[in-house]
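To keep things clear, I will list the structure first and then write my remarks on it.
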Amino acid sequence: MTEIKVNLISHQKLESMTVDEKIDFILEEVKHGEVLVLERGLTPEEQSKLIEKTMKEIKPDKFIGIEIEGYREDGKVTWLQKVLGKIRPPRMTVIGPADKLKTIHRDDNIIKTIILGR
């Protein structure tokens, strides 16, 4: 039987990091075969940065990339929300190695994935 680990990461852990530290932490975990569930997801900018850095580190024989699935922020942010600081944080995100994590369904309430053991 293959053992599969899923790491549930609190928003407090990630909030204490800079964007670059957060991206490095996530990428290192995934490169070691870990599947992460982030309590609060990544912002669109953080997701872009993670994908950009991942593309630079792909090595076909060792690391083929990541699978990332999450919930988008609800609606657009108005200027009043920005001024008042009432911007909702991103919702949960699931990240894992592309060869182990496969998303089979996602809607506004459920992300269904298959984690493949090796």
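All of the numbers you see were taken from the coordinates with simple rules; none came from a lab. The shown structure was predicted, so the numbers you read here are calculated from the model rather than taken from an experiment.
Summary table
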item: In sequence order, calculated HN-Hα J values of region 98-114 (Karplus, 6.51, -1.76, 1.60; Hz; x Gly/Pro); result: 4, 8, 10, 10, 10, 7, 10, 6, 8, 9, 5, 10, 9, 10, 9, 10, 10
item: Links that overshoot a 20 Å alpha carbon limit, given the list 5/31; 5/49; 31/53; 31/102; 59/112; 22/49; result: 5/49; 59/112
item: Gain on full stretching of the segment that runs from residue 52 to residue 104 - 0.36 nm per residue minus C-alpha separation; result: 16.3 nm
